Amino acid sequence: MLAVDPGEKRIGLAISDPSGMLARPLRVIAHTSRLVDAAQIAAEAADQGAVRIVIGQALDDEGLPTPEGRKAARLAEAVLAQTSLPVELWDESFSTQTARETRLTMGVSRKKRAGHLDEVAAAVILQSYLDAHAAQGESG
């Protein structure tokens, strides 16, 4: 599976291992336009042999999409138009905060922590998705 953490300037990507149990950061692509971004995401999913694309969507306290979440939904529609893979939105709440805390826990130096967290946030989103589906006994 390929996960996407959409952002204003950068889009983080993460990939799962073949067993669908572990997520790892993959790379960051620069945001260009919805159509170009969607084509790059679809191409990366194909290159990686992904079977599903999971796109992080920001939700508010009531579970409704925020303005950023609505942008993620539009990106998901554009990706779906570029691939035959299933595309699914997944709550990305706190993914960047969790990514920051993960780097801190791992003992990453302050200088290295100052970088962007987009691909790590994508891995957090994907791991959350994988864990939730493993708990339900689903395979992906």
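The values are calculated or read from the model by the stated rules, or taken from the named source; none is laboratory data. Since the model is a prediction, treat every value here as computed from it, not as a measurement. We place every Cβ from the backbone using ideal geometry, glycine too, and count neighbours over all the protein chains shown.
For the condition among the β-branched types (Val, Ile, Thr) and touching a Gly at 6+ places or on another chain (Cβ under 6 Å), what is the one hit in Val28, Val36?
Answer to the check: Val28.
Consider Leu117 against the criteria (1) aliphatic (A, V, I, L, M); (2) farther than 20 Å from Asp131 by Cα; (3) surrounded by 17 or more Cβ atoms within 10 Å (Cβ to Cβ); (4) at pLDDT 95 or above: it satisfies all of them except one. Which criterion is unmet?
If we test Leu117 against (1) aliphatic (A, V, I, L, M); (2) farther than 20 Å from Asp131 by Cα; (3) surrounded by 17 or more Cβ atoms within 10 Å (Cβ to Cβ); (4) at pLDDT 95 or above, just (4) comes out false.
If only one of Gly69, Gly140, Gly56 is touching a Leu at 6+ places or on another chain (Cβ under 7 Å) and either of a type outside the set (Asp, Glu) or modelled with pLDDT of 95 or more (or both), which one is it?
Every option except Gly69 fails the conditions.
Test of understanding: among Asp17, Asp47, which residue is modelled with pLDDT under 95 and acidic (Asp, Glu)?
One residue alone meets the criteria, Asp17.
Which of (1) under 21 Å from Val36 (Cβ atoms); (2) modelled with pLDDT of 85 or more; (3) not β-branched (Val, Ile, Thr) is the odd one out, the single condition His133 does not satisfy?
(1)
Got a number for residues in region 72-88 being crowded, with 17+ Cβ neighbours inside 10 Å and either hydroxyl-bearing (Ser, Thr, Tyr) or touching a helix residue (DSSP H, G or I) at 6+ places or on another chain (Cβ under 8 Å) (or both)?
Total meeting the criteria: 7.
Being aliphatic (A, V, I, L, M), under 12 Å from Trp90 (Cβ atoms) and part of a loop (DSSP other than H, G, I, E, B) is the filter here; which residues of region 31-76 pass it?
Selection gives Ala58 alone.
Quick one: in region 17-57, which of the residues that are among the β-branched types (Val, Ile, Thr) and in contact (Cβ under 8 Å) with a residue 40 or more places away in the chain is surrounded by the fewest Cβ atoms within 10 Å (Cβ to Cβ)?
Val51
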